[in-house]
Amino acid sequence: MADRDPDTIKQEIDQARDQLALTVDSLAARANPSRVAEDLKAGVIRFVKKPPVAISLAGVGVLVLVITVRWLRRP
């Protein structure tokens, strides 16, 4: 093994520590439950706003309304 300068070793350790700190901070931000919930909510809203999905949901809503009204009017 080659002899290495202690200052070089210390510098490499400091760089590795800084990189590890950045990685941990990044993981903590990505795993934050409120951020995950916001991302999921935004994705669902984007999906529902697509015209084919919105039309399908409106159709299902009308169908549920018709079935409910017919069920309530039964003797």
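Quick notes on this one:
- Ratio of Rg to Rh for the chain: 1.57 [Cα atoms; Kirkwood radius as inverse mean 1/r over pairs].
- Per-residue SASA entry for LEU72, accessible area with 1.4 Å probe, Å² rounded to 10: 120
- Environment charge of VAL24, counting only residues whose C-beta is closer than 12 Å and scoring Lys/Arg +1, Asp/Glu -1: 0
- Estimated 222 nm signal from helices in the chain, with DSSP H stretches of n ≥ 4 weighted -39500 (n - 2.57), rounded to 500: -29500 deg cm²/dmol
- Sites count as exposed loop sites when they are trypsin sites (Lys or Arg not before Pro), lie in a DSSP loop, and have at most 13 other Cβ atoms within 10 angstrom; the longest stretch of the chain without one is 5-48.
The values are calculated or read from the model by the stated rules, or taken from the named source; none is laboratory data. Everything numeric in this text was worked out from a predicted model, so none of it was measured. Cβ sites come from the backbone with ideal geometry, for glycine too, and all protein chains shown count toward neighbours. These accessible areas exclude ligands, DNA and RNA; they are computed on the full protein's heavy atoms, side chains included. Shrake-Rupley method; radii C 1.70, N 1.55, O 1.52, S 1.80 Å.
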